[in-house]
Amino acid sequence: MKKYDYAKSDVRTWLEIDTKKLRHNYSEFRKLIGAKCRLMAVVKSNAYGHGLIDYSKTLDKFGVDWFGVDSFVEAIKLRKAGIQKPILVLGYTLPENYKQASEQNISLTISSLEQLKTLLCHCEESACDEATYHDGLPRSLWRPRNDNVLKVHLKIDTGMHRQGFQSHELDEMVKIIKSMKFIKIEGIYSHFAEVISPKYQSSKQQLNAFNATLKTLEPYSHTRCGSKGLIKHMAASAAAVTLPESRFDMVRIGIGLTGIWPSEQGKKKFLGTIKLLPVMSWKTIITEIKTIESKEGVGYGFSHRTKRKTKIAILPIGYWHGFKWSLSNKGCVLVSGQSCPVIGRVCMDMTIIDVTDLKSVSVGDIVTIIGSDGENEMTVEKMAELAGSYRYEIITTINPLIQKIYR
């Protein structure tokens, strides 16, 4: 029976990150994509709940080529932590951060004509020289300090209809880009909506649309708008496995590095192609135990009524920590390798479980919320199913203040 060592820790709940499994997952993707394809580690949303800085530093040592983040704030945190590899901000960046992005060698995503025009106008306003015009468009003479240029990746909407330039906007996009003097178009990319059957055909259509965009831009290869020489990328974790032709020059691997498959269909279909190991475990402790009689109410609203004399245990975690309220009377955790059901409503900071069937239980016993204990395992996928949620949501909504222990 696993006991909590009060003398060595002052936390009641914690995450354990297995770096050996992380290295394994990284190596699996490296072997899969080949030596010529770059690997971007997507570490957005606090590295999918695994801790932005320590997780990124670990992957940096393993040898990833790029880092992908959602926001400029995350990118700056990586730079301050000593990460020198190229970083791409995948989400929207506020114009006031353009200058610092150029100085910190942070690449930005531009995904609409409005953003492109804002970029041009902002650069013009930041210029130390006058602005000239070409074909009715201002030509930026922005010269950042130390002759840094702002690097940009253009995102193309190939059918998902989230971010991205649409096909009918390409001519105007090119026209604006040609007027930019101190902006470097470094890459071009898109994103799949679905890559696993029964919607597999839609991914093929998106891939064809991306290739058509690249072909449309080929005549401009002698300019900054040409597709040749740009870093082309479309595949994230799922497509990197299922659609080799979508890998291009770089793949963006996020949830795959954590050891979680993007979907159950993909796991079943491609398990023989790549083996992934879950990196994260979530633990807590039992802080109180009591026995109550049959037909007693448990928790807020008495949403659970005991059907027998019941031994219950209190856990010091709740929905504030990321343990979903929807797991009330549905979820389960592992204690001494055995599954124990959640009874009553999940509270903000506490959860009640039924430990009646355990042979022995005491305050201080370690409880596994996510991970393995003996022969049993509570997977992220299982928790998502019980909570009526989504595997991505389960891990990214774990409270970032929870201590993470890298092993």
Check your understanding: Of all DSSP beta bridges in the chain, what percent run antiparallel (nearest 5)?
Key -> 50 percent
Check your understanding: For region 338-407 and region 31-57, what is the separation of their Cα centres, given in Å?
Key -> 26 Å
Practice item. In vacuum, with every alpha carbon of region 280-406 counted as one equal point scatterer, what does the Debye formula give for log10 I(q)/I(0) at q = 0.13 Å⁻¹? Two decimals, please. Key: -0.48
Practice item. Might you report the magnitude of the Cβ-based charge dipole of the chain about its Cα centre, with Lys and Arg at +1 and Asp and Glu at -1, to the nearest 20 debye? Key: 1020 debye
Study note, to complete from the structure: Per its Cα gyration tensor (rounded if a/c is under 1.5, else prolate when a/b beats b/c, else oblate), region 300-344 is best filed as oblate
Point to revise | By average C-beta atoms within 10 angstrom, highest first, the peptides 361-371, 11-21 | key: 361-371, 11-21
Check your understanding: If the limit is 20 Å between Cα atoms, which of Lys44/Lys155; Lys309/Lys359; Lys44/Lys85; Lys20/Lys85 go over it?
Key -> Lys20/Lys85
Revision key, fill the gap. Longest principal axis of the chain (C-alpha) makes with the long axis of helix 113-125 (C-alpha) an angle, in degrees to the nearest 10, of 70 degrees
Practice item. Return the subset of Lys151/Lys404; Lys77/Lys330; Lys311/Lys404; Lys117/Lys151 for which the Cα-Cα distance in this structure is over 26 Å, preserving the input order. Key: Lys151/Lys404; Lys77/Lys330; Lys311/Lys404
Check your understanding: In whole percent, what relative contact order does region 1-106 give with Cα contacts below 8 Å and a gap of six or more residues?
Key -> 21 percent
Practice item. State, as an integer percentage, the relative contact order of the chain based on alpha-carbon contacts under 8 Å between residues 6 or more apart. Key: 18 percent
**Study point:** Nearest-ten-degree value, helix 200-217 long axis tilted from longest Cα axis of the chain
**Key:** 30 degrees
Study note, to complete from the structure: If one builds a Gaussian network model of the chain from Cα atoms under 10 Å apart, the most fluctuating residue listed among Ala236, Ala41, Ala101 is Ala101
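Each reported figure results from applying straightforward, stated rules to the coordinates on display, with no laboratory input. Not measured: the values here are computed from a predicted model. Virtual Cβ from ideal backbone geometry, glycine too; neighbours counted across all protein chains shown.
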